[in-house]
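For reference, the structure is listed below as structure tokens.
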There are 6 protein chains.
Amino acid sequence: MFVVKIGGSILFDKEYQLKQKLLSNYAKTIRNIFSESKKKCAIVVGGGKLARKYIAVTRALGANEAYNDIMGIEAAKLNARLFIGALGDIAYPEPPNNLQEFHALFNVTDKIIICGGFQPGQSTNAVAASIAEIVTAEKLLNLTDVDGVYTADPDKDPNAKLMKELAISDLISLIAKQTTKAGQYPLFDKTAVQIVQRSKIVLQFINGSDPENLMKAITGKPIGTLITH
Amino acid sequence: MFVVKIGGSILFDKEYQLKQKLLSNYAKTIRNIFSESKKKCAIVVGGGKLARKYIAVTRALGANEAYNDIMGIEAAKLNARLFIGALGDIAYPEPPNNLQEFHALFNVTDKIIICGGFQPGQSTNAVAASIAEIVTAEKLLNLTDVDGVYTADPDKDPNAKLMKELAISDLISLIAKQTTKAGQYPLFDKTAVQIVQRSKIVLQFINGSDPENLMKAITGKPIGTLITH
Amino acid sequence: MFVVKIGGSILFDKEYQLKQKLLSNYAKTIRNIFSESKKKCAIVVGGGKLARKYIAVTRALGANEAYNDIMGIEAAKLNARLFIGALGDIAYPEPPNNLQEFHALFNVTDKIIICGGFQPGQSTNAVAASIAEIVTAEKLLNLTDVDGVYTADPDKDPNAKLMKELAISDLISLIAKQTTKAGQYPLFDKTAVQIVQRSKIVLQFINGSDPENLMKAITGKPIGTLITH
Amino acid sequence: MFVVKIGGSILFDKEYQLKQKLLSNYAKTIRNIFSESKKKCAIVVGGGKLARKYIAVTRALGANEAYNDIMGIEAAKLNARLFIGALGDIAYPEPPNNLQEFHALFNVTDKIIICGGFQPGQSTNAVAASIAEIVTAEKLLNLTDVDGVYTADPDKDPNAKLMKELAISDLISLIAKQTTKAGQYPLFDKTAVQIVQRSKIVLQFINGSDPENLMKAITGKPIGTLITH
Amino acid sequence: MFVVKIGGSILFDKEYQLKQKLLSNYAKTIRNIFSESKKKCAIVVGGGKLARKYIAVTRALGANEAYNDIMGIEAAKLNARLFIGALGDIAYPEPPNNLQEFHALFNVTDKIIICGGFQPGQSTNAVAASIAEIVTAEKLLNLTDVDGVYTADPDKDPNAKLMKELAISDLISLIAKQTTKAGQYPLFDKTAVQIVQRSKIVLQFINGSDPENLMKAITGKPIGTLITH
Amino acid sequence: MFVVKIGGSILFDKEYQLKQKLLSNYAKTIRNIFSESKKKCAIVVGGGKLARKYIAVTRALGANEAYNDIMGIEAAKLNARLFIGALGDIAYPEPPNNLQEFHALFNVTDKIIICGGFQPGQSTNAVAASIAEIVTAEKLLNLTDVDGVYTADPDKDPNAKLMKELAISDLISLIAKQTTKAGQYPLFDKTAVQIVQRSKIVLQFINGSDPENLMKAITGKPIGTLITH
């Protein structure tokens, strides 16, 4: 059982358009891996630019942060439905609304369950970590638009290096400095990392711009950054 | 009791950006009309460009029309949440999932209930008509980006004239020619008009680009096109 | 996958009594076809005389048309439960409340799901069409107490002939003249035919007075009226 | 707070037709009593002949007693909807599915909640008793087609006399002899009387053929049989 | 299909502590019997001392008997979750809330469904009897801390003898004398026995202090008291 | 609007018995403050020793941490029901299952909504913080068995002093060192403090052993430790 987190960052291009071709490739890859090999998986999709755009509006109009988080949750669920539509009859048709609902569904279907967000105060990364914990997943794969975790911000520091491995305690230190406005949970949020730590979940950060990387990570090839316990 | 249908066409500008200023003005107008005057209302919001963009992708990826309609329904619900965020504590916090759920909620709260779509095979106009029927609404106001119903398509025919009144039978003839792919229910769909006809619902088409028009329609001033029975 | 619509018209005799023997035969036929041959099906049952009787009372007592439709929906669900009781452990035990609920169930069970109505403004024929669309059914079989679609009303015109085939466009013309009071959706309603058209669903009208006709239609023998696209 | 149980026996005439006129009179009486006087009430409606007819069919077709009870529960809910339709906007629009759902609704609405059955193994009388217990009702009024509890069966014994009062212990002895096939819970079932006893609920049996009797019972006039503790 | 009722009496020791070792043994036994032998079962767990402790507090604080029963229902559900945790992936993760929900679940999963209570006015024994009836169970096994039904109370009468068989009519006489305060349904309550009687359910009382007894009862060895019809 | 978190630590005495007298006093105090003064509140109750006892068993039996958290959530909900029973008709009768459900309820009732836990990975303190955020509460009061936050652990250091005020940033530093096994979220967990910080919620820690302290905190008297932003 794998849990695959697909970051919202890889769904949209710079003009806020959905990357239809990439979605199509993901559908094919997921079909190959999980339908044919009988490996089981659950997918969590982020809200990405859709979430940020809608949250920007409700925040400007005076909504509180809990409500803004709900906008992000629902935007992520709409993105999740793109994958449901693309995967057709190997996907369960509705994204679940919370962890207990996911778990109940997981017990009655072999279809791939595709989730968006669950509840305010946590990111879709925490959703993915909770799912990995409750089903005792083999691995939690985190796909974003970067290659993994770097020693520094690669956009600012030309000497920044990708780390092949990173101790969970170091990941926690990194995350401690992050802010947590609704819709802004860069990298991985506190709640998520806390769950990964307490249940020693095997977590790997990989670049999701190419669906082949997903295949590599699942077949155990070295790629991205692996978090160690 | 008024039912206000806000077409998705007025939510987005030409660059697919949300019209935040307009949303803010709508929030103020609705607050004025319904909070202060004690008139009761329900609002139905369309999916607009968000729906079309997401449906285009699922259709291209091979989803069936029922599923594409579900994308449109959920996109409309995300748009509905913009109004919920903007209206704050005078709005009920979740868009209902179907008519029976709407009706149950309507019986337990005086807050404004804001809906998106309900189910495949019908547009958000049918949602608005169903709501107007089940609560025996005084009026159903349909807000789009045009001034009402014209004698011809004003974009093509310079002699096209806005009709101040139109018999329901003539509206039906107009609609009979429309196609019904998921997400494409121009003007008003067959299911919607059928409900309007059988229950003789007072229906008025107005231009929603200016929230003041909503105020005018509610206070009974002549504007747009009124459907007669 | 077949969708079978069993019209309420064939459930009751002239004295408003349920046709127990026919129900028993249907249970046997359905058991034969779908349990043994591994073909999958969903069944939609109409409200028939039960619906009409109860709607007549609520209409007389002043309920609105949306509410009268709800009476018809619930009467159809009670009829659906007759089939659930007759089919026992090959049927799912509860009729679903709407299309999304049907679809979710369809993904978690191989049992036969038996539906009544879903929501006001549409007949149980629209329910059947929606189901056929969302599961991409092989065929939608419509069983009533007549042999199919005639060139004229056979009760009034002795020259009326059964049509073996009928183009969807001609079916639409036929239906355009129908009225739509709650509980009165003769033949096939507008919403239903619209769904059949847009998704090119294979639709066949057959006489349901004899369950053998169902067997014939499923095994591809010519019977009743086939709608062509 | 009053709980009114309307026995299915008074809804149908000898030809299995609904007594529309009586329903209309009940609607008026209930409107008078509960809408104008600000007394609060909940109503439970029995399944009557509709339940018996449908249960007879599922029993003949081989369904088990639990399922037959479900037919009765749903038939009672359809009858409950007749009252909802007749009472319009002073009634909550859906019959609740179980006691916990009733109680939750009771806490969020002042509308009259109208129930059918709840769950297999108990009659609608047990539903009424449970409701009376959980809301600590002033009185539980049981309306059937007889004047109250007699010293013997008035159809068989010309000397049978109506008892104005009856001790709960004597009612229990009477009931101990009853059988309990699905749909056949004559007078009052064991579960119901057990609840009445343990919570010392004020229970009164009255003739419901005339809605005026309901008015009398609520205003405290002596009528029917009062159960004493 | 077996229904196993595990009385709350065997879950706690005299100091109100949970018997962890016994729970662990039960998990192993149930795993052996039902996972390996492909026999299907449903389990109902009682509230025991936890229920009595919490009910004592709400009763003292003035809650009504229906609410006290709800405390017992929820306490039993918490105990049910102990078995869910112990059985892991062969158990369905949530106790159902009522019989209809149980039945729906039973149709979509092969996992063991573990229940607590369902609704006020009935004990968890009635829950077990209802479940046995709706799934037409082979046997209903009732596990408590005594060896079965005795001719007299063994604590008071040294001549009391365990009955190997007992006619249902005699069981009913025994039960008729019981009281029914919330949380106090000694042996077997009236609603439960009524269901057992009408559907001629094979009921056996056995001592649950040793999980091996469950194995014996399921493999048909004589143990405890068998109720005959 | 106040949110009151009642720590599980104050519900049980050293022998694991419920403090009935304290519960009764809380019921009276809450009735005084919120029923008479028209101030609105929501209450969150912790799982305390009940949660720890049940989690200890499921952990020993091999359940994963997510499931252990669910045991804690449900234990907290059972404790919440004690307050519901004690408050009677001024409390909503069911603890909500998640934040969205709480928020929906909050919009349809003026009754006091009493919550237990919501979802794995967060404590009941995070539940309380989320509620305070979504309803924009005036104050979040955290009641435990200590007087507030100390400069050191008062059990170990005789010089430890109660802090009247504490900056949120210092609270965060304190919490950073805590572990997070299921059921063990001492003082305040990371998710909770993160919500308090981002929405600048007024948070006060007070000793809940005496209900009078609640009265003091609500009327603005200095007590315990106030967190400043």
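Each reported figure results from applying straightforward, stated rules to the coordinates on display, with no laboratory input. Everything quoted here is computed from the prediction, not taken from an experiment. Here the Cβ positions follow ideal geometry from the backbone for every residue, glycine too, while neighbour counts run over all protein chains shown.
Dipole orientation for chain B: of the candidates B:83, B:160, B:192, B:83 has the Cα lying most toward the positive pole (charges on Cβ; Lys, Arg +1; Asp, Glu -1). Each part reduced to its alpha carbon centroid, segment A:197-228 and segment C:46-90 end up 54 Å apart.
For residue A:212, the point set 7 Å out from Cα toward Cβ sits 6.1, 6.3, 6.3, 7.5, 9.1 nm from its twins in the other copies, listed from shortest up.
Each Cα pair under 8 Å and six or more residues apart adds its separation to the average, and for chain B the resulting relative contact order is 24 percent.
Annotation: amide H-H contacts under 5 Å for residue F:41 (H modelled 1.01 Å from N, sequence separation of 5 or more, or interchain): F:2.
Binning all Cα-Cα separations of segment C:109-229 at 10 Å, short to long from zero, yields these whole-percent fractions: 13, 44, 36, 6, 0. In plain terms, the bigger the Kirkwood radius, the slower the diffusion; for the protein assembly as shown, with that radius from Cα pairs, at 25 °C and 0.890 mPa s, Stokes-Einstein puts D at 74 µm²/s. Label-to-label distances for residue D:229 across copies, nearest first, come out at 3.6, 5.1, 5.1, 5.7, 6.6 nm, using points 7 Å from Cα in the beta-carbon direction. How high is the FRET efficiency between residue F:169 and residue E:210 when r is their beta carbon distance and R₀ equals 41 Å, given to the nearest 0.05? Between residue F:169 and residue E:210 the formula returns 0.10. Ranked from shortest, the separations from the 7 Å Cα-to-Cβ label point of residue E:21 to its equivalents in the other copies are 3.7, 6.8, 6.8, 7.7, 7.8 nm.
Electrostatic tally near residue C:99: other residues with Cβ closer than 12 Å to its Cβ, Lys and Arg +1, Asp and Glu -1, net -4. Each part gets one Cα centre, and for segment C:109-158 versus segment A:125-155 those centres are 48 Å apart.
Using bins of 10 Å that start at zero, the share of Cα-Cα pairs per bin across chain E amounts to 8, 35, 39, 17, 1, in whole %. Shielding value for B:98-110 is 6, the average number of Cβ atoms from other chains within 10 Å of each residue's Cβ. All other residues whose Cβ lies under 14 angstrom from that of residue D:42 are scored, Lys and Arg at +1 and Asp and Glu at -1, for a net of 0. In chain D, the beta carbon lying closest to the axis that superposes D onto F belongs to the residue given here with its whole-angstrom distance, D:108, 3.
Each of F:18, D:187 was scored by other Cβ atoms within 10 Å of its Cβ. Arranged with the fewest first, they read D:187, F:18.
Size descriptors for segment E:28-73 (Cα atoms only): Rg and Dmax, in that order, 16.7, 49 Å. The smallest convex shape that holds all Cα atoms of segment A:23-124, its convex hull, gives 86 Å³ per residue.
GNM remark for chain D: springs join alpha carbons under 10 Å apart, and the peak mean-square fluctuation among D:164, D:19, D:200 falls on D:19.
Within a straight-line Cα-Cα reach of under 16 Å, residue B:190 can be paired with the following aspartates and glutamates, leaving aside sequence neighbours fewer than 8 residues apart in one chain: B:69, B:133, B:170, C:189.
Can you show me the helix-derived [θ] at 222 nm for chain C, built from DSSP H runs with n ≥ 4 at -39,500 (n - 2.57) apiece and divided by the number of residues, rounded to the nearest 500. Can you show the working numbers first?
Details: 8 runs with 91 residues, N = 229.
After summing the helix terms and dividing by residue count, I get -12000 deg cm²/dmol.
Ordering E:169, E:224, E:61 by the projection of their Cα atoms onto the charge dipole of segment E:2-228, which places +1 on the Cβ of Lys and Arg and -1 on the Cβ of Asp and Glu, puts E:224 at the extreme positive end. Note on chain B: with a GNM built from Cα contacts shorter than 10 Å, the maximum mean-square fluctuation among B:128, B:27, B:63 falls on B:63.
Sorted fewest first by neighbouring Cβ atoms within 10 angstrom, A:189, F:13 come out as F:13, A:189.
Each of B:229, D:103 was scored by other Cβ atoms within 10 Å of its Cβ. Arranged with the fewest first, they read B:229, D:103. Within the listed set B:129, B:152, B:91, the Gaussian network model of chain B (springs between alpha-carbon atoms below 10 Å) gives the highest mean-square fluctuation for B:152.
Net charge near residue D:122, counting Lys/Arg +1 and Asp/Glu -1 over other residues with Cβ under 10 Å of its Cβ? Each step should come with its number before you reach the end.
Working: positive: D:190; negative: D:69, D:189.
Net charge in that neighbourhood comes out at -1.
Note on segment E:92-137: Rg/Rh from Cα positions, Kirkwood definition for Rh, rounded to two decimals, is 0.93.
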